[in-house]
Amino acid sequence: MVSVLYPHVGHGWLGAPGMWKKLVPAQVGPETQAVGEGPELPKGALEAWEAAVRFTLPGSGTEGPAKQENFILGSCGTDQVKGVLTLQGDALSQADVNLKMPRNNQLLHFAFREDKQWKLQQIQDARNHVSQAIYLLDNRDENYQFRTGAEVLKLMDAVMLQLTRARNRLTTPATLTLPEIAASGLTRMFAPALPSDVLVNVYINLNKLCLTVYQLHALQPNSTKNFRPSGGSVLHSPGAMFEWGSQRLEVSHVHKVESVIPWLNDALVFFTVSLQLCQQLKDKISVFSSYWSYRPF
């Protein structure tokens with residue numbers, strides 16, 4: 001019989017020192033006796049564990065409100081757009097953006113309204129998946145004993161699925177059509193209001209906070225251009241077309257600026273380390289489960 005002492009886990013459980021010593025057996029049966037103290041922690045596990053705290057749900061611990069962090073946006077390829085975005089947890093609480101119009105070098109300035117915040121759905125979703133992984137591990141009694149190796153493998157599969165989904169939310173931004181960007185509530189966050197020929201989009205890509213500004217121009221009814229509406233994309237190119245209201249519009253200029261968020265980089269390490277540890281535990285249990293299933297005596 002497999003007998004694995006189930007750990008009591010907190011919100012920094014994955015990669016936490018000693019966690020995997022607790023997860024593998026305190027009282028062992030033959031299938032898991034040789035597993036020992038479990039996988040060793042890879043380098044960077046402590047830093048990754050600290051990053052996990054960023055993904056706890058509000059009110060789940062004793063920590064106070066998330067601090068505000070300012071990120072200066074920049075790009076090596078353009079100085080048409082400059083600005084600062086203020087991130088507070090999973091929300092943009094402030095934005096201050098300057099846009100230099102290429103046609104006449106006019107400088108436009110726009111900022112978030114004081115009463116508005118913009119939720120970054122990717123961070124929120126990643127946090128929810130981490131919370132679900134924690135729930136899967138923490139919803140049993142502290143002294144619960146697994147009865148079979150298959151039961152442990154099933155749990156690890158479920159945890160790994162949630163961690164993979166969390167990582168994918170940070171590494172795979174949503175593909176949006178231009179009408180979807182135009183209809184987004186983000187366009188109504190600014191004061192003064194954005195000009196009708198400007199669209200903006202904000203998203204996470206790996207460890208970077210990205211701001212994309214699209215400048216548009218209207219296609220005349222007598223235009224000889226073949227109108228082909230663009231599909232969904234993370235980043236649309238100049239020449240992309242779409243229909244909005246009664247107008248047909250084309251993207252004339254695209255400006256992308258970004259800033260690295262250090263703790264997002266740590267979080268991606270956290271997911272990688274956690275998935276490695278889960279897989280190592282699965283491999284060890286599978287090896288010894290197979291051994292005891294097929295031994296000739």
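Any residue at all in region 235-247 that is outside any strand (DSSP E or B), crowded, with 18+ Cβ neighbours inside 10 Å, touching a helix residue (DSSP H, G or I) at 6+ places or on another chain (Cβ under 7 Å) and of a type outside the set (S, T, N, Q)? Yes, region 235-247 has at least one match. Condition check for residue 89 on (1) closer than 14 Å to residue 189 by Cβ; (2) within 20 Å of the chain's Cα centre (by Cα); (3) among the small types (Gly, Ala, Ser): one failure, at (1).
Selection of region 194-244 for residues being farther than 15 Å from residue 177 by Cα and among the charged types (D, E, K, R) yields 197, 208, 225. Of everything listed in (1) assigned to a strand (DSSP E or B); (2) in contact (Cβ under 8 Å) with a residue 40 or more places away in the chain, the single unmet condition for residue 94 is (2).
Counting only helices (runs of 4 or more DSSP H) that fall entirely inside region 102-221 and contain at least 1 residues that are among the hydroxyl-bearing types (Ser, Thr, Tyr) and in contact with a helix residue (DSSP H, G or I) (Cβ under 8 Å, 6 or more places away or on another chain), the qualifying elements are 121-138, 149-171. Exactly one residue out of 82, 43 is assigned to a loop (DSSP other than H, G, I, E, B) and either modelled with pLDDT under 85 or surrounded by 13 or more Cβ atoms within 10 Å (Cβ to Cβ) (or both): that is 43.
Would you tally the residues in region 223-244 being of a type in the set (Gly, Ala, Ser) and more than 33 Å from the chain's Cα centre (by Cα)? The qualifying residues number 1.
The values are calculated or read from the model by the stated rules, or taken from the named source; none is laboratory data. Given the structure is predicted, the values throughout are model-derived calculations rather than measurements. For neighbour counting, all protein chains shown are included, and Cβ atoms are generated from backbone atoms with ideal geometry for every residue, glycine included.
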